[in-house]
Each structure stands twice: as C-alpha cells, then as structure tokens.
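The values are calculated or read from the model by the stated rules, or taken from the named source; none is laboratory data. Just so you know, these numbers come straight off a predicted model, no measurement behind them. Heads up, the Cβs are rebuilt from the backbone with ideal geometry, glycines too, and the neighbour counts pull from every protein chain shown. Note: areas computed on protein heavy atoms with side chains; ligands, DNA, RNA excluded. Shrake-Rupley method; radii C 1.70, N 1.55, O 1.52, S 1.80 Å.
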Amino acid sequence: MKKILFSLLLALLGIMALSAADKRVYMSRHINPHAPAIDGRGDDPCWQKAEWAGGFIQDDPSSGEAPTEATEFKVMYDDKNVYVLVRCHDSQAGAIERRVARRDTIDGDYLAVYIDSYFDKRTALGFKVNAAGVKSDVTIAGDSNSQDATWDAIWSAQAAVDAKGWTAELAIPFSQLRFASGDAVFGLQVRRLLYRKQEISSWAHIPKQAPGFVSFFGELQGLKGIRAQHQVEIVPYAVAQTTLSPRQAGNPFADGHSGSLLGGLDGKIGLTSDLTLDFTLNPDFGQVEADPSVVNLTAYETYFQEKRPFFTEGRSILDFRIMGGDGDFSSDNLFYSRRIGRAPRFYPETQDGEFLDMPMTTAILGAFKVTGKTRRGLSLGVLDALTARESAAIAFAGGSRAETVEPLTNYFMLRAQQDLNQGQTTFGAMFTAVNRDINDEALDFLHRQAYSGGIDLFHSWKNRNYYVWANAVFSRVQGSAAALQRTQTSAVHYFQRPDAGYLDYDPDRTSLSGHGGTVEFGRNGGSPLRFSTGVTWRSPGLELNDMGYLSKSDAIMAWGWAGYRISRPTLVFNTLSLNFNAWSGYNFGLEPTFVGGNVSFWGQLKNYWSVNAGINRQGPNVSLSALRGGPALRCDPGWNFWYGVGSDARQRLVVSLSGSLYGAEGGSRQSGGASLSLAYQPGSRFSLKVAPGYSFNRNLLQYVATRDAGGESRYVMGGLDQKTFYVTLRLNYSVTPELSIQFYGQPFIANGRYDAFKRIVDPRAALFQDRFQPFGGDEIRFDAGGNEYRVSEASGCKAYSFANPDFNVLELRSNLVLRWEYRPGAALFLVWSQGRGDNTGRDEFDLGAGFRDLMRLPSTNVFLVKFTYNFNL
C-alpha cells in the first residue's frame, strides 16, 4: 500500500510539474538552395546549420526517468519539405534490432516523428522509420494515442547504423500536411523505442497517467512563409484475373475456367490547404485478405473488420460510434463501410435442370470522399458511393434468363465536428442516406430509403482529466409493407414477440423510426485511478443496418467501470492494471433483462512477459432472441473465467496462450476454448506465425426451429454439442521494405451434433427443467431420406417436421501476395487466392480425418496481377 500511495504521489507531482513547465520548443531553420540527400547518414553540410535538440525522457516503463540511451534530432525545411534528422545513440550498436518488413509492419528499434500541423492539440500525423529503413505512417484523432495505420502518405526516409548507434533522415512533403499558408507553428513530438529494453522515450515527456497525447506535444517554430501544397495524385490500375474452379457436368457457368481484364482509377486531390478529395472509379480489392471463417448460431449478424484501402484510409473522421469500449454494444455505428459493395441480398430460386451464376459482391461504380480540418477547428467528412444494379444469370436447356439480385443504390454520409477551447470541447453531427432504385418486385423486401443521423458532444476539464461525452442518434426507414414486415420481424427488433405488449407490430407499416444514444462521465487521466459510468439505449424502432451497424434494438444499459494502473515498476511488475466492471440492462418495457460484473487484471512482468486473468459473473437474465421472435426465455446465471500469458516480445520466438471457460448454474450450458500463438523471427527479413485454436460449446437449450402445430407455435430446441478447431498461419518475407511476400491461410473445422430435442412450454420458469417438454421416443423419428425429423405429439396436435440441424463445416481460405512498391504510391501485386469448403461430412468431430477430408475437397484458385501507377502532379 505504501508503494501504491508513493506511485500515486509521484504521478500527481509529475503531471503538476509538467503542466506548470513551459512547452518544449524547437526553432527550425529554412535551407536554400541545397536540400539533404535522404540516405540516413545525416552528413550533408546543410545539417550543420541546424541545432541539436535532446533531453529525452522515459515514458515507459520508468516514466519520468532518464533513458538508457540518449536521442537527439534536428529539423529544417525548404519550400517543399520538412526535413528531420534523428541520432539514436546506442552504446551497444551490435544489439540494434533491424527487422525488414513491408510498409506499416514496423518492428525492432524505431523512432516516430509526430506533427500536429493544425496545431489543434487533438490531431496529428505520425511518420515512423525503424533501423532497417521500414516506414509506417499513422493518423491520430481525439488527443489519444490510438493510431490508425491505414493512411499511406508519400514521403521519404532512410536509416543507417554506425558505431555510435543509428541515424534516420526523413523528408516530409508539405503536400502531405494540412495547414494555412504563411507563418506557422506546428505541434511536434519525437519518440524512440529502444527495442531490447522495450523502452520508449520522448522529447516532450508524456506521463503514463496523462489524460491525452497530442496535447502534450512540444512546438515546432520558425516556419516562415510556408505555402500549403495542393496535392494531386492520379493512380490508374489494371487487373488481369484467371479463376480455376471445379467443373460441374452440364453447368455452363462451371466449365473450370474463367478470366477477366479490367481497369479503374483512384485519385487524391487537395481541394484546399485543409480539404482533400479521394475518389475511385470501378475499384478492385483483389489483393485484400479474406475474412476468417465463422459458424454463427446466434440470431445476430457477424461483424467483420473493413480491409479495403479506400474505406480504411482516414476512417476516423467518418466514424460515429454510439458507445465506446469493447462490449456487446461497442460495434454499433452510424457508418459501417462493409455495407457498400456487400453480397447481393436476393437469391433467386431455380428449378430442376437450371443453373445459377450469382455475383459474389455488388460492384462499386464509383465513390468519393472529402475529408479534412479547417484552420478554425472544423473537421469535415463527406462520402458518396454508387453501387451497380446486379443480376444473376440462370441457364436452362435451350435458353437463359437474368434476374436482378441487387438494385442500383446510392450511399451518402456527412460528418462534421467542431473543436473549441484547444480541443477540450468538441461537438458534431452526422447524417447518412441510402436510396435504392427498386424496379423489381422480387427486391421489394429492401428499404427504398434509409436515413440516420446523430449529434455528439465531448467536454473535458481540469487539465483534460475529467470528461463528459454524450450523443443521440435517430433513424427512419421507408419501403413497402413487405420490407417493413421483414424489418420488424428481424433479429434486430422482433416486434412480433407475443410477450412484448409494449411493442407495436404493424404488418401494414411502410416506415419505421427510432432513436438511441449514450451519456458517459469519467476520469481518464491525472491519477492511477480512472473510472467511467453512463447509460446507453437503443429504442425498439432504431434501424441502422442499411449504412451502419446495429446488433440489436430495444435495449437500455447502465454501467460503471473503475481501473487502477500502477505505471512504475513495482514488485514483479513493470506495469499493472486492475479493472472492475458492473452493468445492468432493461428493455423498453422496463423489464430487467441482464445484470453482471467482472474483475480483471493485466500486467507486464519485469522479465517482459505479460499475464492477464479475469472472472465474470452473469446474473439471471432473459434472452429476447433465443426463441427467434418467440417469447423471452429465462437463462440461468453463470460464471466465466479467462486468462492469458505471453512471453517476452523482444525474443525471436514469442509464445502466447489464452483461454476461457464458462459454466451456467445447473449445467444448462458449458463452453470454453484455448488458443496458442507461436511467432518466430529467425532473421531480420523472415517471420512466421502459427496460431491454432480450439473451442467447445455444450448447450442443452439451443434453438432449432419454430413450427405451426395447428394454430399454436412450437419452439423446438435441442441439445447442441459443438466443437471447432482452426489454425491461422502467416508467413512474411521482405526482400526490401518495398518488396515483400505474404501468405495467409486458415483451415477451419466445425462440427455440431444435436440430440435431446424438446419444445418450450414455460419459457420463464424458475427451474430449468420446467421450461421445456422433451419429445418422447414415440413422438419424434428421423427420416433419413428427407434428412429431417418428423414430430407427432401425444397431444394429437398437427404434426410437423424440421430439417436435421447437424452440421460439419470444412473450410480453407488462403492468400499469397507479392507486393512491389516500385515507386512511391505505385505498386505491382501478384496474388494467388485459394478457397475450398463443404458443409456435409462426418457425423462426429475427428480432427485428423477432418483435415484429410478438407484437403481432398476440390479447390477454387484465383490468380491475379494488379498494376498501379502514381502520377503525382
């Protein structure tokens, strides 16, 4: 306790002293006419005109102490660029870790130069280079240290190692920065990672308990008469693709081979010194890694991360998350870019003897976005995308026909956010609109129009240590009665629930509106103790899934979190974090639906291993989705335990193990799993990562089907025994930072077997066994010919049947990509993608046999060559 109190006192005194001290200032010099050659050596005569700046201070692990090795830097500029020279002194030059990798995969000893060109103390651009000359560039928003590496700027950097340590030279064009022409002051930060000690030191010290990041930068002064450069980049591309797939007798669409040749255009134009236009015409994302395999037995949609470059770059300014954190509601957002270009939603029915050629994605005809921030602190983001009307081809004996499977659709969004009081207060708004041109009756189940919007406010005080954050969102969707019936009865809403008298299911409705939001108050700095508390809600009518993401509506949740962080080496830890959470939920009928809490910790040991563990208590709850639109189902309380341990990340071989175990009281459900990661880097250019994982799920009350038994609904449940195994393999070889080969592969096996079928009789019964009635042996039989179960209840009600729910999923997805950035902003890609899969097979989970079956499956192979060229005008 004395050590904790002493750490708290040192942290408070450190922040008070830093707040009282003057900001660090570097006075840059203009050079003319000879700029330095960017070779990493720093021996050009022009560097002698600039002054060295040093005095770096440790940020981690021993915050506030002198670093092990000294670091110095110089800054100069001319009419086109800012030049930075950094000298990283090292008394053990032979121990410098030089790891070669592709761009943005930076590792080993590295340094970072951050520039806040708006000087708003909230946003910054980061330019990183390691001792092997590998570059990475990031954007930072919201005065946080959350860094987005999807931004790719055009700049130069080189590094060199000598007996004194290593040096790096950077040339950052003014065209990549945003500022007003004239005399300027930029925020500036230079940081260094000493890899062998995992030690971060900074020119402008940022204490571990600091409530911000960019607001602690120093200042770059002396920039006289600089002129904003209007960036113009035009990047045409060409793609040649060949697909080899299994032949299917009689199917004209499956002859085993297909090919295509297409082209498109990407571009970036600086409209003003503050705003940039990005556009794409007929984009291609063939080099993007495939999504991982999943088996989703819930009622809700799986959330996948965006990987397409046009949508990932600069995404922070287009973001409107309704709630922060990492819980069940944290993915809800007004904008989910995976909606644009998604797979078509209508799947035509075919008759015997007919063959279907279905497009896998919806073509994006064109898209543009305007992003930036004005000198008055207004952040602006505008995006518009147009997707094509897609058709499926159906062939039959003697002819063919086409059916529209996705309408012509326009997606639009506008995001604006205003900073006040040097970023301590921000307020903003967002609006989205989706409009579909529906001319086919088969597509009448889609919304014709979908609109959403929101406002948000963030305010901090007491040196940014305390904050309040609030937002409110709305939505309105319009369409045919069939479309709105589909919306009301979807898993997001379930208006048809028979026990939800507060909901108004209207089959004749042609529009639906809703609202949601969050109010949060907390402390995020200035002390080892941090906390937040708040409430978030989603009204039953809120619908965001045309352009955004919403997992479920009809929910209110209140929560509280407290965390204590020991940031100085203490006992066996370099750093230690303790966390406490509690939450409770309600529906809009004000009925309690869930309650729970957890305790967890994460720590880094002094040998640089990491450990974490936690325990979660989920109280009694009712599931509004377990019966897929039926009445709410009572679920028993349970306990969940999780753990993780990782070895020293500085070593050539890094091992980590994690796992979890859940058990409901009474044994109604048990689940758990474990994953292992082995990352091996035998040399500076090659890395290999193998990550197997296994999970199991035994649920005695898993939903199977809803059937009509003569005017009464039967909610059929079963006992599920599910086992899943996968291995994720990643291989990276970098000849140079510009030329690399990457392989990704994931074999995936999932097996589920159902037994002990039953029907729900009292979904809210206190005792588990009173909630259902098992089918007797003479009430249910399996029809092998139809692969279905037939039920004739003893009560004499109408007989019914349901399909055999057993599954056995075998999948393999892999990508092999050679990437050569032959000039800044221009690249050549050679891609081989392979996929194979099946969802039928063995009755039982057999890992060895499952892998043999998987490798015997026919494969689809896609070979692609993509060439881009950058005209930097």
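Couple of notes before you dig in:
- Just one residue in the set Val622, Val611, Val645 is surrounded by 18 or more Cβ atoms within 10 Å (Cβ to Cβ) and at pLDDT 95 or above; that residue is Val622.
- Taken over region 478-508, the criterion of being modelled with pLDDT of 95 or more, closer than 15 Å to Glu543 by Cβ and either open to solvent by 50 Å² or more (accessible area, probe 1.4 Å) or among the β-branched types (Val, Ile, Thr) (or both) is satisfied by Gln478, Gln485, Arg486, Thr487, Thr489, Val492, Tyr505, Asp506.
- The requirement of being closer than 29 Å to Asp152 by Cβ and out of contact with any His (no Cβ under 8 Å at 6 or more places or on another chain) is not satisfied by Leu810.
- The single condition among (1) over 30 Å from Arg634 (Cα atoms); (2) surrounded by 13 or more Cβ atoms within 10 Å (Cβ to Cβ) that Ala756 does not satisfy is (1).
- In the condition set (1) in contact with a Gly (Cβ under 6 Å, 6 or more places away or on another chain); (2) open to solvent by 60 Å² or more (accessible area, probe 1.4 Å), Asn421 is compliant with all but (1).
- Residue that is modelled with pLDDT of 95 or more, open to solvent by 10 Å² or more (accessible area, probe 1.4 Å) and among the aromatic types (Phe, Trp, Tyr), where the choices are Phe355, Phe346: Phe346
- Single condition Ala664 does not satisfy, out of (1) open to solvent by less than 20 Å² (accessible area, probe 1.4 Å); (2) under 30 Å from Arg759 (Cα atoms); (3) within 28 Å of the chain's Cα centre (by Cα): (3)
- Where strands (runs of 3 or more DSSP E) fall entirely within region 782-873, none has at least 2 residues that are within 23 Å of Gln241 (Cα to Cα), of a type in the set (Lys, Arg) and in contact with a Pro (Cβ under 6 Å, 6 or more places away or on another chain).
- Looking only at region 817-855, and only at residues there that are open to solvent by 60 Å² or more (accessible area, probe 1.4 Å) and in contact with a Ser or Thr (Cβ under 9 Å, 6 or more places away or on another chain), the one that is farthest from Asn804 (Cα to Cα): Pro824
- All strands (runs of 3 or more DSSP E) inside region 42-125 with 1 or more residues being touching a residue at least 24 places away in the same chain (Cβ under 8 Å), within 27 Å of Asn32 (Cα to Cα) and within 37 Å of the chain's Cα centre (by Cα): 71-77, 81-89, 110-116
- In region 290-313, the residues that are among the basic types (Lys, Arg) reach residues that are assigned to a loop (DSSP other than H, G, I, E, B) with C-beta atoms within less than 7 angstrom, at least six apart or across chains, in these pairs: Lys307/Val288; Lys307/Glu289; Arg308/Phe285; Arg308/Val288.
- Residue under evaluation Tyr703, criteria (1) within 26 Å of Gly644 (Cα to Cα); (2) open to solvent by 30 Å² or more (accessible area, probe 1.4 Å); (3) in a strand (DSSP E or B); (4) of a type outside the set (Lys, Arg), criterion not met: (1)
- Scope region 465-480; condition within 20 Å of Pro211 (Cα to Cα) and in a strand (DSSP E or B); matching residues: Tyr466, Tyr467, Val468, Trp469, Ala470
- Conditions (1) in contact with an Asp or Glu (Cβ under 7 Å, 6 or more places away or on another chain); (2) surrounded by fewer than 17 Cβ atoms within 10 Å (Cβ to Cβ); (3) of a type in the set (Lys, Arg): number failed by Arg376: (1)
- Condition met for Gly54 (under 26 Å from Ser215 (Cβ atoms), surrounded by fewer than 20 Cβ atoms within 10 Å (Cβ to Cβ) and in contact with a Ser or Thr (Cβ under 8 Å, 6 or more places away or on another chain)): yes
- A single entry from Ala66, Ala95 fulfils the requirement of being in contact with a helix residue (DSSP H, G or I) (Cβ under 9 Å, 6 or more places away or on another chain), surrounded by fewer than 18 Cβ atoms within 10 Å (Cβ to Cβ) and within 27 Å of Arg196 (Cα to Cα): Ala95.
- Which listed residue is of a type in the set (Val, Ile, Thr), out of contact with any His (no Cβ under 6 Å at 6 or more places or on another chain) and farther than 21 Å from Asp90 by Cβ, from Ile200, Ile206: Ile206
- Gly776 vs. criteria within 30 Å of Asp499 (Cβ to Cβ), open to solvent by less than 50 Å² (accessible area, probe 1.4 Å) and assigned to a loop (DSSP other than H, G, I, E, B): yes
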